């Protein structure tokens, strides 16, 4: 039986919406995680359509590539005990990666907004 890890409430509280804990098959959970990653990538692509390539760091590009690959998961044979441990690590990777993407892009957006506001203010006449 797959049991989901519960995070301690805090500043970076975020839990992926995945099937309930009572799912017996790790393969079903892995497919659900793949679907989550696919949905994330669709949302990212829609929301980031105005981003230029140079606005996305190499680290974020690598993470996005990893999430895309996880989203393309196929059916295969899984060894329950080994895969269950790997699955928890994969969930944590996806969870922290999605928070990192959000945080970095939000900071970039704030920096751009501040730069635009300071350039629009022009010289002050006294």
Discussion item. Need the failing condition index for residue 62 against (1) at pLDDT 85 or above; (2) assigned to a helix (DSSP H, G or I); (3) farther than 14 Å from residue 101 by Cα, just the number.
Written reply: (3)
Worksheet item: Mind checking which residues of region 71-125 are exposed (fewer than 13 other Cβ atoms within 10 Å of the Cβ), modelled with pLDDT of 90 or more and within 27 Å of residue 27 (Cβ to Cβ)?
Response: 72, 89
Item to complete: Report, by residue number, each residue of region 31-64 that is without any contact (Cβ under 8 Å) to a residue 60 or more places away in the chain and farther than 22 Å from residue 109 by Cα.
Response: 31, 32, 34, 35, 36, 37, 38, 39
Worksheet item: Out of all the residues in region 15-51, which are at pLDDT 75 or above, part of a loop (DSSP other than H, G, I, E, B) and surrounded by 11 or more Cβ atoms within 10 Å (Cβ to Cβ)?
Response: 15, 16, 18, 19, 25, 48, 51
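The values are calculated or read from the model by the stated rules, or taken from the named source; none is laboratory data. Just so it is clear, the structure is predicted and the values come from calculations on it, not from any experiment. Cβ coordinates were reconstructed from backbone atoms using ideal geometry, including for glycine residues, and neighbour counts include every protein chain displayed.
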